[in-house]
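The block underneath contains the structure these notes are about, expressed in structure tokens.
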Amino acid sequence: MSIWQNPDGSDNISRRSNSSISSIGIIGGTFSPKRDPLLEEKYHNWIEEYANIIQPCSHTIEETEQYFLQQCEAVPMDNDDKRMRSYQYSVVMNYKLQDKLSVFPFDMNNEAIEKWNRIQSDIRRELMNTLPEQYGIKISGYYLPQTERNLYLYEEFRSEIERITKHNEDLIIDTYCNDICLFFERTTGDIQCSNGGRSMINRLFVFRGVNKEDIKLRNARFQGYLSSMRELGNISGFR
């Protein structure tokens, strides 16, 4: 599995495995421009410009989930669905166990790396067989059947895959067998999607909005909100 920035230079971060692509982030996630002084200055000025324009427009994670359900045809997943288990693992690893996980030993020998891999595998195996409630998280997941109403999201994903694989002939991803899935976690405000749904997540970020404190602090949620607004064409970019 690998993490990569989308090839068109957009703000969303994606995760690629052999069979799927996921867009990942807290609702209103972060964005960091490339380390170029001029670009960073433009980005900072862009943030400041819209901080003086944007008004508080915040919704809860529960309201955002209900908004999502109004936008498409979505089928709830069972708690024991392997996709739900995988999402549970991701949330626990990212939010609950950060202080317990060791950093990948880049400067160590193969034996140390193999030991690190075994530890990670043991943690994953344990988490995949643990109820979410034991970690104080509340998750829900949905898959989108390939109906006429949802078709544009699948077409969008296939177009994205074509862009990604255009310069990488060795990368083969089957875009016709996997359902687009979206997941919500109520205590952290985290959402993820897999196998597409990028424009949907941007709409969710925008609907979730920002509050007065987010705007004042220019925090991750505010920057993510502007990023999604820009990707949807609602505001101009900073480049």
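Phi angles across the range 121-126 convert, under the Karplus curve 6.51 cos²θ - 1.76 cosθ + 1.60 with θ = phi - 60°, into 3J(HN,Hα) values of 5, 5, 4, 4, 4, 5 Hz, Gly and Pro given as x. Once all protein chains are placed together, Lys166 keeps about 150 Å² accessible to a 1.4 angstrom probe.
Sorting Cys57, Cys72 by accessible area puts them as Cys57, Cys72; the probe is 1.4 Å, largest comes first, and only protein heavy atoms count.
Kindly rank 37-49, 194-206 from highest to lowest mean number of other beta carbons found within 10 Å of each residue. Show your work: numbers first, answer last.
Numbers: 37-49: 13.1, 194-206: 23.2.
Result, highest mean first: 194-206, 37-49.
Rounded to 0.05, the FRET efficiency of the Leu39 and Asn211 pair, given R0 = 41 Å and the Cβ-Cβ distance, is 0.90.
Between Glu49 and Asn110, the simple spin-label model (points 7 angstrom out along Cα→Cβ) gives 5.3 nm.
The values are calculated or read from the model by the stated rules, or taken from the named source; none is laboratory data. Because the structure is a prediction, the values reported are computed rather than measured. Here Cβ is always computed from backbone atoms with ideal geometry, including for glycine, and neighbour counts include all displayed protein chains. In case anyone asks, the SASA skips ligands and DNA or RNA and just uses the protein heavy atoms, side chains included. Shrake-Rupley method; radii C 1.70, N 1.55, O 1.52, S 1.80 Å.
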